[in-house]
Amino acid sequence: MLLGLLSRGQRHGYDLKREHDALLPAAKELAFGQLYAALGRLRDKGLVEEAARERVGGPDRTAYRITSAGRKELATWLAQVEPLPERTPNPVATKVTLLLLAEGTHRAVEHLVRERTVRVERMRELTAAKRVAGTTLQEALAADHTLAHLDADLRWIDSARRRIDDLEGEIA
């Protein structure tokens, strides 16, 4: 990700953090400590290099730029299709199974209803947020991605509710 941000020109760590937050709102949060540690690893691998160092009333500020090896690494990574997980963790399925074991069908169904309600409300919030003036394309795309996952969750919850009696019989 840092190589991609640096592909547009040299940047200081602060600039990279600001661009990360603005351009990749759905990405995992990036702390400054992580950022500088990652830049150090990229530098050690020859993928970035220090472009400039300046002091403006405080500690040195180092600007980094991507190297030709970094551009090759970035191009290779960008061309790869993301690997599909063997299984997707589903903590709701785990909880429903344990509710069936510990407390019975009624409690498992109640929990599925609560999980569904929370997801529908989040979908409403995201849909409304996409309509707010000034929403960036990156924010809208991130919301669309989350909405798609929430929709899949709803379909799974509905399927689990239909199959709950069979599941109870299977694990009993």
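With respect to residue 114, is the statement that it is exposed (fewer than 14 other Cβ atoms within 10 Å of the Cβ) and part of a helix (DSSP H, G or I) true? Judged against the criteria, residue 114 is a match.
Taken as a whole, the stretch 142-165 holds no residue that is assigned to a loop (DSSP other than H, G, I, E, B) and outside the structural domain of residue 26 (by TED's automatic domain parsing). Selection of the stretch 45-57 for residues being out of contact with any Ser or Thr (no Cβ under 9 Å at 6 or more places or on another chain) and either closer than 17 Å to residue 74 by Cβ or assigned to a loop (DSSP other than H, G, I, E, B) (or both) yields 45, 56, 57. Please tell me if residue 133 is loosely packed, with under 13 Cβ neighbours inside 10 Å, at pLDDT 90 or above and either within 30 Å of residue 20 (Cβ to Cβ) or not assigned by TED's automatic domain parsing to the domain that holds residue 20 (or both). In short, yes.
Of 44, 21, all but one fail to be at pLDDT 95 or above and either among the basic types (Lys, Arg) or not assigned by TED's automatic domain parsing to the domain that holds residue 141 (or both); the exception is 44.
Per the conditions (1) surrounded by 12 or more Cβ atoms within 10 Å (Cβ to Cβ); (2) in contact (Cβ under 8 Å) with a residue 24 or more places away in the chain, the sole criterion not satisfied by residue 127 is (2). Among the residues of this structure, residue 161 does not count as one that is of a type in the set (Lys, Arg), closer than 30 Å to residue 32 by Cα and surrounded by 12 or more Cβ atoms within 10 Å (Cβ to Cβ). Among the residues making up the stretch 16-41, those that are under 14 Å from residue 65 (Cα atoms) and surrounded by fewer than 16 Cβ atoms within 10 Å (Cβ to Cβ) are 36, 40, 41. Taken together, the criteria exclude residue 75 from residues that are surrounded by fewer than 17 Cβ atoms within 10 Å (Cβ to Cβ), touching a Gly at 6+ places or on another chain (Cβ under 6 Å) and either in the same structural domain as residue 42 (by TED's automatic domain parsing) or part of a loop (DSSP other than H, G, I, E, B) (or both).
The residue that is modelled with the lowest pLDDT, among those in the stretch 47-68 that are exposed (fewer than 14 other Cβ atoms within 10 Å of the Cβ) and within 16 Å of residue 3 (Cβ to Cβ), is 50.
When you scan the stretch 5-24, do you find a residue that is assigned to a helix (DSSP H, G or I) and either polar (S, T, N, Q) or at positive phi (or both), even just one? Scanning the stretch 5-24 turns up no residue that is assigned to a helix (DSSP H, G or I) and either polar (S, T, N, Q) or at positive phi (or both). Checked against the criterion of being closer than 30 Å to residue 171 by Cβ, touching a residue at least 24 places away in the same chain (Cβ under 8 Å) and of a type outside the set (Ser, Thr, Tyr), the candidates 108, 102 yield just one match: 108.
The values are calculated or read from the model by the stated rules, or taken from the named source; none is laboratory data. All of these numbers come straight from a predicted model, not from anything done at the bench. Backbone-built Cβ (ideal geometry, glycine too); neighbour counts: all protein chains shown.
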